[in-house]
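Participant: Here you go, one structure.
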Amino acid sequence: MALQSMTGFSRAAGEHEGAAIVWELKSVNGKAVEARLRLPQGQERLEQPVRQAIQKRFHRGNIQATLNVVRAAGQNVLPVVNEAFLKDLAGLAQRLQEQFGAAPASADGLLALRGVLEVPETNETEEARAGYDAAVLGVLDAALNGLKQAREAEGAALEVLLAGQIDAIEALTKRAEADPSRDPAVIRVRIAEQVALLLDASANLDELRLHQEAAFLATKADIREEIDRLKTHVASSRSLLAGGGAIGRKLDFLAQEFNREANTLCSKSNAATVTAIGLELKAVVDQFREQVQNLE
């Protein structure tokens, strides 16, 4: 399965008995799939099937779906203003302005409120309504296909970028593993020098206990486990990328694990060269996690 970004846009148009039907879809990042619909007044019955169609196609992302319908001359049904309701709302807005200093209400704002404009019932048959609804949902299906293609195109670009960042993480891990400061002989010499300095500074120090503590510190400073875990996370990330699909959450978890190992590597480092590698690793991991946030 192809990777998908959570951002994209599509537009699809169709026609039904002289009416032009246009769907516009816009998708942005989101923790789950959420649909925000803008439907012509009087067509709220379409809300549920539209939401179901969107949720069937996508796993994550905030998707705004706007339906515009332009009917041929003579087909349009003009809305009627509910003047009594409008008067009540205007009075309420005036009281809020006088008592609490609220901004004055505009005519456009009041007319946009649900219930102010009412669409008169038509004599449309159930068969005609079903035919219209099917046409609208057919155009929606085309728009959803377009959005899926747009998200997959951006997902392909993200895949290349993420693969490069995983390669960089692997290369830095290998540099840390091969750093000369990790050579056992080098570590022994460094610790021996530190022990000698301490013994010279005070004759009261227990030499055996001091060597035991030095051995403990040498073991604690070993970054073998961090390197092994980094390699494992690299392999897991590549496997997820190869499998495709909705892997954003899983890669985000691995990004957190990468960051944890990079932090530990820096804290356990006993050489400036390894610390520098750890800091560089943290920078790459941050970039990796930032891009992962865009994946479905």
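The values are calculated or read from the model by the stated rules, or taken from the named source; none is laboratory data. The structure presented is a predicted model; accordingly, all values stated were derived computationally and were not measured. Reconstructed Cβ throughout: ideal geometry from the backbone, glycine too, with neighbour counts over all protein chains shown.
Participant: Could you grab me the full set of residues in region 258-291 that are crowded, with 22+ Cβ neighbours inside 10 Å and within 22 Å of Leu241 (Cβ to Cβ)?
Facilitator: Once the filter is applied, which keeps residues that are crowded, with 22+ Cβ neighbours inside 10 Å and within 22 Å of Leu241 (Cβ to Cβ), region 258-291 yields Phe258, Glu261, Ala262, Leu281, Val285, Phe288.
Table: residues versus (1) of a type in the set (Ser, Thr, Tyr); (2) over 19 Å from Ser5 (Cβ atoms); (3) surrounded by fewer than 17 Cβ atoms within 10 Å (Cβ to Cβ).
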position	(1), (2), (3)
Glu226	no, yes, no
Ala235	no, yes, yes
Gly243	no, no, yes
Gln256	no, yes, yes
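Participant: Against the definition (buried (at least 21 other Cβ atoms within 10 Å of the Cβ), modelled with pLDDT of 95 or more and over 23 Å from the mean Cα position of the chain (by Cα)), how does Leu230 come out, yes or no?
Facilitator: Yes; evaluated as a whole, the condition is true for this residue.
Participant: Check Pro79 against each of (1) surrounded by 13 or more Cβ atoms within 10 Å (Cβ to Cβ); (2) more than 30 Å from Glu290 (Cβ to Cβ); (3) at pLDDT 85 or above and name the one condition it does not meet.
Facilitator: (3)
Participant: Now a separate question. Condition test on Asp183, is it modelled with pLDDT under 95, outside the structural domain of Leu67 (by TED's automatic domain parsing) and surrounded by fewer than 17 Cβ atoms within 10 Å (Cβ to Cβ)?
Facilitator: The answer is yes for Asp183.
Participant: Restricting attention to region 246-268, and to residues there that are touching a residue at least 60 places away in the same chain (Cβ under 8 Å) and more than 14 Å from the chain's Cα centre (by Cα), which single residue is nearest to Leu158 (Cα to Cα)?
Facilitator: Ranking the qualifying residues of region 246-268, first place goes to Phe258.
Participant: I would also like to ask the following. Can you pull out every residue in region 245-254 that is out of contact with any Lys or Arg (no Cβ under 8 Å at 6 or more places or on another chain), in a helix (DSSP H, G or I) and crowded, with 16+ Cβ neighbours inside 10 Å?
Facilitator: Lys250, Leu251, Leu254
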